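This report refers to the structure that appears directly beneath it.
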Amino acid sequence: MAGIWSAQTKHSTWRRLWLALAESEQELGLPITDEQLSEMGATVDDIDFDLAAKFELERRHDVMAHVETWGTQCPAAKPIIHLGATSCFVTDNSELLQIKHSLLVVRRRLVQVIDQLAKFAVEYRDLPCLGFTHLQAAQPTTVGKRATLWCWDLLLDLEELEHRIDTIRFRGVKGTTGTQATFLSLFEGDHGKVEKLDQLVTEKMGFTARHAVTGQTYSRKFDSQVMATLNGIGQSCHKAGSDVRILQHKKELEEPFEKNQIGSSAMAYKRNPMRSERVCALARFAMSLQAGTDATMATQWMERTLDDSAIRRLAVPQAFLAIDACLILYRNITDGMVVYPKTIEKHLNEELPFMATEEILMAGVRAGGDRQDLHERIRVHSQAAAAEVKQQGLPNDLISRLQQDDAFNSIDLAGALDARKYIGRAPQQVDAFIAEQIEPVRQRYSDQLGGDAEAVRV
């Protein structure tokens with residue numbers, strides 16, 4: 001990702017755009033020689049950045065600085081570099097190429113995390129654990145079912161990402177304010193050649209679709225849409241990272257912790273969830289960039305205003321870099337996640353007597369008891385047991401209290417504490433989720449799966 005947004009990639013892409021423009025103009029009859037094109041083609045990646053910086057300091061214009069730099073290297077081609085173009089021909093079109101390539105990298109990262117999370121979900125499809133609503137103990141679920149919730153968020157993100165990739169459009173050859181007036185002049189009023197020029201350059205740069213109309217720039221609505229997609233991935237990463245941090249606090253699972261890793265400079269015993277914390281931090285940063293991009297779109301006056309430039313050069317690359325790092329870390333975490341079934345069982349058993357009360361109530365009614373009377377007895381015993389837990393720090397003794405109540409003599413109270421009775425269809429939901437949602441993704445992106453998770457020095 002860093003390579004895609006590097007100065008080398010950016011300015012080599014500018015040169016490829018200028019070369020594609022010159023080649024297409026020659027094909028359509030403008031007096032551009034093979035020698036000029038050959039000279040340009042031989043030096044596309046050979047950029048003198050020091051000379052470009054010198055020119056930019058003098059001209060205060062980055063595009064013209066690079067035109068002059070390349071002209072110094074290509075004296076024969078110098079007169080036709082940037083012929084008929086405006087600065088946004090290279091800046092906008094190169095950024096669209098960088099965005100396209102970045103979206104493809106993010107997609108690869110995303111499907112790898114989805115695949116790994118799905119494996120984790122299958123492994124723990126039927127391991128009961130406490131569910132939480134309002135961050136309070138609730139009806140049990142399974143460790144695997146919870147992982148499908150994280151995975152489903154990412155699948156929704158993948159849908160958005162695929163749409164952005166499928167619908168990305170090239171700015172093309174549109175001229176200074178989008179009217180193509182300069183090119184119409186170059187081709188002596190031949191509208192067909194101007195349209196053909198736009199099409200040829202678009203195809204040479206690997207696009208099939210163009211923005212139907214532009215001002216000087218392509219619509220900044222597209223930037224907002226791309227950033228919204230990255231924002232969504234950030235939300236999903238942050239939610240899962242937060243869940244892992246909470247569960248690690250409860251010692252039910254842990255992110256990977258290396259043999260010689262140090263959790264704290266002072267507290268040597270600590271095993272901090274630093275990777276999940278970093279995911280949340282980076283995701284939050286990426287999400288924060290959305291507002292600026294939206295405001296930039298909203299304040300583009302008429303055909304364009306230059307206050308879009310500096311913020312986009314910061315926000316768009318940084319959002320991609322942050323989300324790329326999030327997904328690298330997320331993959332690493334899911335590859336090495338450690339689950340502690342005994343601790344999960346301990347926490348579940350602490351709360352299970354309360355969760356079993358509805359089943360106990362129904363069993364008592366089936367045995368001939370009075371529903372209202374049984375409900376009141378359970379309520380009283382539950383309150384007393386809860387008081388012992390909260391005030392005295394003692395174990396939950398609700399079942400032993402019920403065992404001493406004659407109204408429940410005919411009920412298998414111990415059997416009511418089988419956690420698997422309360423996880424509903426969670427294991428079957430995991431199975432269906434894998435078959436219906438994950439397998440199609442695995443088939444679609446089979447060439448992008450596998451391999452080791454990357455190092456987490458992000």
Of the residues in segment 254-310 that are at pLDDT below 85 and more than 30 Å from V143 (Cβ to Cβ), the one that is surrounded by the most Cβ atoms within 10 Å (Cβ to Cβ) is S265
Is at least one residue of segment 179-198 crowded, with 19+ Cβ neighbours inside 10 Å, on the phi > 0 side of the Ramachandran plot, of a type in the set (S, T, N, Q) and at pLDDT below 95?
yes
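Those residues that are acidic (D, E) and either modelled with pLDDT under 85 or under 14 Å from D412 (Cβ atoms) (or both), I need them from segment 352-383; list them, please.
The initial filter retains those residues of segment 352-383 that are acidic (D, E), namely 358-359, 370, 373, 376.
Answer for segment 352-383, where residues must be acidic (D, E) and either modelled with pLDDT under 85 or under 14 Å from D412 (Cβ atoms) (or both): E358, E359.
For the structure I just gave you, tell me whether K100 is over 30 Å from G3 (Cβ atoms), among the charged types (D, E, K, R), touching a residue at least 40 places away in the same chain (Cβ under 8 Å) and assigned to a helix (DSSP H, G or I). Give the steps one after another, and end with the answer.
Details: over 30 Å from G3 (Cβ atoms): no; among the charged types (D, E, K, R): yes; touching a residue at least 40 places away in the same chain (Cβ under 8 Å): yes; assigned to a helix (DSSP H, G or I): yes.
So K100 does not fit the description; no.
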Would you confirm, using the coordinates I've provided, whether V338 is farther than 19 Å from K251 by Cβ and either in the same structural domain as V226 (by TED's automatic domain parsing) or touching a Gly at 6+ places or on another chain (Cβ under 6 Å) (or both)?
no
Filtering segment 353-374 down to residues that are part of a helix (DSSP H, G or I) and surrounded by 16 or more Cβ atoms within 10 Å (Cβ to Cβ) yields P353, F354, M355, T357, E359, I360, L361, A363, G364, L374
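Is segment 402-413 home to any residue that is assigned to a helix (DSSP H, G or I) and under 24 Å from T141 (Cα atoms)? Quick ask: steps written out before the conclusion?
To start, the set of residues in segment 402-413 that are assigned to a helix (DSSP H, G or I) comprises 402-403, 406-408.
After this cut, where a residue has to be under 24 Å from T141 (Cα atoms) as well, the list is none.
No: zero hits.
Quick check on my filter: what residues within segment 310-338 are without any contact (Cβ under 8 Å) to a residue 40 or more places away in the chain and over 15 Å from the mean Cα position of the chain (by Cα)? So that I can check it myself, show each step before the final result.
Narrowing segment 310-338 to residues without any contact (Cβ under 8 Å) to a residue 40 or more places away in the chain: 310-311, 313-314, 318.
Selection gives A310, I311, R313, L314.
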Query raised in the report: Taking the stated definitions as given, is L156 hydrophobic (A, V, I, L, M, F, W, C), in a helix (DSSP H, G or I), within 27 Å of L329 (Cα to Cα) and more than 14 Å from the chain's Cα centre (by Cα)?
Result: no
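Please work out if I423 is surrounded by 15 or more Cβ atoms within 10 Å (Cβ to Cβ), closer than 30 Å to D115 by Cβ and in contact with a Cys (Cβ under 8 Å, 6 or more places away or on another chain).
On the way: surrounded by 15 or more Cβ atoms within 10 Å (Cβ to Cβ): yes; closer than 30 Å to D115 by Cβ: yes; in contact with a Cys (Cβ under 8 Å, 6 or more places away or on another chain): no.
No, not satisfied.
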Going through (1) aliphatic (A, V, I, L, M); (2) assigned to a helix (DSSP H, G or I); (3) at positive phi one by one, L314 fails only at (3)
Scanning segment 375-388 for residues that are buried (at least 18 other Cβ atoms within 10 Å of the Cβ) and of a type in the set (A, V, I, L, M, F, W, C) gives I378, A385
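Here's a check for you: in segment 406-420, which residue that is more than 13 Å from I360 (Cα to Cα) and surrounded by fewer than 16 Cβ atoms within 10 Å (Cβ to Cβ) is nearest to the chain's Cα centre (by Cα)?
Filtering segment 406-420 for residues that are more than 13 Å from I360 (Cα to Cα) and surrounded by fewer than 16 Cβ atoms within 10 Å (Cβ to Cβ), the one nearest to the chain's Cα centre (by Cα) comes out as R420.
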message: For the structure I just gave you, tell me whether E58 is in contact (Cβ under 8 Å) with a residue 40 or more places away in the chain, loosely packed, with under 15 Cβ neighbours inside 10 Å and outside any loop (DSSP other than H, G, I, E, B).
response: no
Residue hits (segment 199-213; closer than 19 Å to T177 by Cβ and basic (K, R)) are R210
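Report whether or not L394 is under 15 Å from E358 (Cβ atoms) and of a type in the set (A, V, I, L, M). So that I can check it myself, show each step before the final result.
Working: under 15 Å from E358 (Cβ atoms): no; of a type in the set (A, V, I, L, M): yes.
It is false that L394 is under 15 Å from E358 (Cβ atoms) and of a type in the set (A, V, I, L, M).
The values are calculated or read from the model by the stated rules, or taken from the named source; none is laboratory data. Since the model is a prediction, treat every value here as computed from it, not as a measurement. Reconstructed Cβ throughout: ideal geometry from the backbone, glycine too, with neighbour counts over all protein chains shown.
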